[in-house]
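The values are calculated or read from the model by the stated rules, or taken from the named source; none is laboratory data. Because the structure is a prediction, the values reported are computed rather than measured. Reconstructed Cβ throughout: ideal geometry from the backbone, glycine too, with neighbour counts over all protein chains shown.
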């Protein structure tokens, strides 16, 4: 079976890769994005973002057990490194302000920042790629259309926005390496590398995005929280394999 071939190819990377996968296994990533204006107002769309991140203790233990075996010179926890890289990206943007990310507990983090131009922020985070297609804003019939679209064709763009995803130690566990595996094959692979608890932990992991609009939302494909708020969510395994595009939209 194909998963046996995958195990053989990846097993020699066990220690370093285990610490990388720990960031995403059994975690909850939640973001609340608040937009304060619409494109039809004739000015940049400003707003703010709140991010929560938590990682399961099981994978923290895996990292601690293997940390002395790491061949890298950086002994900082992988989660700290990922958060720090994202903050550095935010700080490099001309549109951001009031950036504050703190560790709120054991492997739990909370972050807030404001932005003066959402389109400009997306361009800055994607390293000046003006035609990035991960998150787009457009005007349709006087309405503001916001779309989130992650697929195999634009995944490389996402690695520029979130540097950790482009790290060689994570890439081998992401969709670029595993898109052709079935879910069963993928879970058996990570179970072999990280232990039998890993598949259940991945099953508990999810990504949630709430978007708050400045006025009533008239169209969307998520779950309505109130007239101005819609929530999108997806299981982590859908992201790790990307068998189908992850696409959400709203209009207000």
Q.
The conditions are (1) modelled with pLDDT of 95 or more; (2) not in a loop (DSSP other than H, G, I, E, B), and residue 152 fails exactly one of them. Which is it?
A. (2)
Q.
Out of the residues in region 233-252 meeting the condition of being touching a residue at least 24 places away in the same chain (Cβ under 8 Å) and assigned to a loop (DSSP other than H, G, I, E, B), tell me which one is farthest from residue 35 (Cα to Cα).
A. 243
Q) Can you tell me which residues in region 208-242 are in contact with a helix residue (DSSP H, G or I) (Cβ under 8 Å, 6 or more places away or on another chain) and at pLDDT 90 or above? A) 235, 237, 239, 240, 241, 242
**Q.** Selection status of residue 136, more than 16 Å from residue 91 (Cβ to Cβ), modelled with pLDDT of 90 or more and crowded, with 18+ Cβ neighbours inside 10 Å
**A.** no
Q: Among the numbered conditions (1) without any contact (Cβ under 8 Å) to a residue 40 or more places away in the chain; (2) in contact with a helix residue (DSSP H, G or I) (Cβ under 9 Å, 6 or more places away or on another chain); (3) surrounded by fewer than 16 Cβ atoms within 10 Å (Cβ to Cβ), tell me where residue 141 comes up short.
A: (2)
Q) In region 195-208, which residues are under 19 Å from residue 53 (Cα atoms) and not in a helix (DSSP H, G or I)? A) 204, 205, 206, 207, 208
Q | Filter result for residue 218 (within 16 Å of residue 49 (Cα to Cα), touching a residue at least 12 places away in the same chain (Cβ under 8 Å) and in contact with a strand residue (DSSP E or B) (Cβ under 6 Å, 6 or more places away or on another chain)) | A | no
Q: Can you run down the residue pairs with Cβ atoms below 9 Å, 6 or more apart or on separate chains, where the first is in region 186-215 and at positive phi and the partner is assigned to a strand (DSSP E or B) and surrounded by 16 or more Cβ atoms within 10 Å (Cβ to Cβ)?
A: none
Q) Which of the residues that make up region 209-232 are assigned to a strand (DSSP E or B) and surrounded by fewer than 16 Cβ atoms within 10 Å (Cβ to Cβ)? A) 219, 223, 224, 225, 226
**Q.** residue 192 within 15 Å of the chain's Cα centre (by Cα), in a helix (DSSP H, G or I) and farther than 30 Å from residue 43 by Cα
**A.** no
Q) From the set of residues in region 167-189 that are modelled with pLDDT under 90 and assigned to a helix (DSSP H, G or I), which is nearest to residue 156 (Cα to Cα)? A) 171
